[in-house]
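Dumping the structure here so I can ask a few things about it.
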Amino acid sequence: MSNKEGFSSIWGFILVAIGLALGIGSLWRFPYVAYENGGAVFILMYIAIILVIGIPLMTSEVAIGFHTQKTAIDAYKSIAPNSKFYLAGYIHLLAAFLILGYTAPIYSWIFKYLISSFTGDFMGLSPEGVVSYFENYNADKSQVFLFFIINLVLNISVLIFGVQKGVERISKILLPALFAIMLVIIFSILRLPNAVEGVKFLFLPDFSKFNIKSLITCLGQAFFALGLGMLGSMVFGSYIKDPKENIFKSSSMICVSLIFAGIFAGMMILPFVFATNLDVAEGVNLSFITLPNAFNLVVGGRFLSILFYLGFYIAAFTSSVGVFEAIIGLVTEKYNIKRIPAIIICAIPILIVAYFSIYNDAIFGFLDIFESNYVLVISCFAIAIFAGYVWKIDNVIKASNIKSNFVKSWMRVSIKYITPIAIIIIFLSQFFN
């Protein structure tokens, strides 16, 4: 076992891993894609994919770090010293750098709207005024970049305290707070007239909206929402110090928590939009145009806006802190650099990518596609092939301390056959309409 700092307990690992994955994937994207693809039928398929593929793949990724007590690049070298699979570690590292850098505009928008919810800047505006408010802010690229820098500084203010006193501690505070905020919002919104229609839409299947494209979208959403292939799970696995820990059990708890997070996000947003008779928009429009309009249409809207953007920012913040910590963990171990210099060094490429993503919308769009459709897909495929065929799945099972024969069979079938095929389908689907 390594002498590097690790989590104080398995709950520390679970909460930090949930925080890393939670972020934008569940709160930002899940409600809209569920709405577009048949409500409950999409949710049921999403749950099935996470159970069949997501949990085994996360278990495998965590197990690589847990077994070797090393972070990504060196973990691959430790298990397969004569192979080139250590290059996959660099792909995971690239995925982490890109996700922190290119999503900079989104983090900045969330931070801005959190502040605006407290000041009431968009309250009372007409629908046109709400659109102009967002467009004017986003057009001021210097302000957008400044808000991202502030967010980055807040990340660093947590990271300098290390794993236990920084990342783990903040996750133990913020994630329960986020859960409480989501419950308050849900109960408040469900009291609104017509909100039940949004609940019905979410929990009643509409098979007419679900097709093969929906299935591929569901696969991609599950992988993205779980934060697979983004370096974190493998690095955090190396922070677990109890050699007897059941990695499958811990990974299952993380994945199930993220299923509920997505459903809760849907229950916060869709009933609210239905209650205010607005259209369910995608991504940016839903969070920064539709919802501000909805807040303007209900009694207590300003209070709800504060809660929503506070929760949204907590999710984004814990995610960025988690990904940043994974990068730092790899850099400090691989290059024997002390923590604070490593933080500064790692912040530089993040800032560079963020700068271009903020100041050039085309670069933002390109990096979004490049990360989601190529880097993450290749990253996850590498983990599945390594676990199933290089390290061998029985070694993964043994390293994960799995005792159940049913779970062993589940892992074998999923990692060796189902997961690689599913990833290939996701990758090839982008080339066909």
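Criterion first (open to solvent by 10 Å² or more (accessible area, probe 1.4 Å), more than 21 Å from the chain's Cα centre (by Cα), of a type in the set (A, V, I, L, M) and at pLDDT 95 or above) does ILE337 satisfy it?
So ILE337 fails the test.
Residues of segment 134-146 being without any contact (Cβ under 8 Å) to a residue 40 or more places away in the chain and assigned to a helix (DSSP H, G or I), which ones?
Scanning segment 134-146 gives GLU135, ASN136, TYR137, ASN138, ALA139, SER142, GLN143, LEU146.
Let me ask you something else. When GLU325 is evaluated against the numbered criteria (1) surrounded by fewer than 19 Cβ atoms within 10 Å (Cβ to Cβ); (2) in contact with a Leu (Cβ under 9 Å, 6 or more places away or on another chain); (3) closer than 30 Å to TYR90 by Cβ, which criterion, by number, is the only one it fails?
Checking GLU325 against (1) surrounded by fewer than 19 Cβ atoms within 10 Å (Cβ to Cβ); (2) in contact with a Leu (Cβ under 9 Å, 6 or more places away or on another chain); (3) closer than 30 Å to TYR90 by Cβ, the one that fails is (1).
Give segment 115-133 a look and list any residue that's open to solvent by 20 Å² or more (accessible area, probe 1.4 Å), touching a residue at least 60 places away in the same chain (Cβ under 8 Å) and assigned to a helix (DSSP H, G or I), or say none.
PHE118, PRO127, VAL131, TYR133 - these are the residues of segment 115-133 that are open to solvent by 20 Å² or more (accessible area, probe 1.4 Å), touching a residue at least 60 places away in the same chain (Cβ under 8 Å) and assigned to a helix (DSSP H, G or I).
How many of the residues in segment 207-246 are crowded, with 24+ Cβ neighbours inside 10 Å, more than 14 Å from the chain's Cα centre (by Cα) and not in a loop (DSSP other than H, G, I, E, B)?
Of the residues in that region, 6 qualify.
Of LEU154, LEU174, which residue is open to solvent by 20 Å² or more (accessible area, probe 1.4 Å) and under 28 Å from MET267 (Cα atoms)?
LEU174
Taking the criterion of being touching a Ser or Thr at 6+ places or on another chain (Cβ under 6 Å), part of a helix (DSSP H, G or I), open to solvent by 10 Å² or more (accessible area, probe 1.4 Å) and not basic (Lys, Arg), would at least one residue in segment 23-31 satisfy it?
Scanning segment 23-31, I find no residue that is touching a Ser or Thr at 6+ places or on another chain (Cβ under 6 Å), part of a helix (DSSP H, G or I), open to solvent by 10 Å² or more (accessible area, probe 1.4 Å) and not basic (Lys, Arg), so the answer is no.
Only helices (runs of 4 or more DSSP H) wholly contained in segment 391-433 count here; list those with 2 or more residues that are touching a Lys or Arg at 6+ places or on another chain (Cβ under 7 Å).
Output list reads 393-399.
Considering only residues that are crowded, with 21+ Cβ neighbours inside 10 Å and over 27 Å from GLY388 (Cα atoms), which ones fall in segment 34-77?
ALA34, TYR35, ASN37, GLY38, GLY39, PHE42, ILE43
Which residue is surrounded by the most Cβ atoms within 10 Å (Cβ to Cβ), if the candidates are limited to segment 78-111 and must be in contact with a helix residue (DSSP H, G or I) (Cβ under 8 Å, 6 or more places away or on another chain) and in a loop (DSSP other than H, G, I, E, B)?
Restricting to residues being in contact with a helix residue (DSSP H, G or I) (Cβ under 8 Å, 6 or more places away or on another chain) and in a loop (DSSP other than H, G, I, E, B), the top hit is THR103.
What's the number of the condition LEU286 fails, among (1) modelled with pLDDT under 90; (2) among the aliphatic types (A, V, I, L, M); (3) over 16 Å from PRO193 (Cα atoms); (4) surrounded by fewer than 19 Cβ atoms within 10 Å (Cβ to Cβ)?
(4)
The values are calculated or read from the model by the stated rules, or taken from the named source; none is laboratory data. Just so it is clear, the structure is predicted and the values come from calculations on it, not from any experiment. Cβ: placed from backbone, ideal geometry, glycine included. Neighbour counts: every protein chain shown. What goes into the accessible areas is simple: the full protein's heavy atoms, side chains included, and nothing from ligands, DNA or RNA. Shrake-Rupley method; radii C 1.70, N 1.55, O 1.52, S 1.80 Å.
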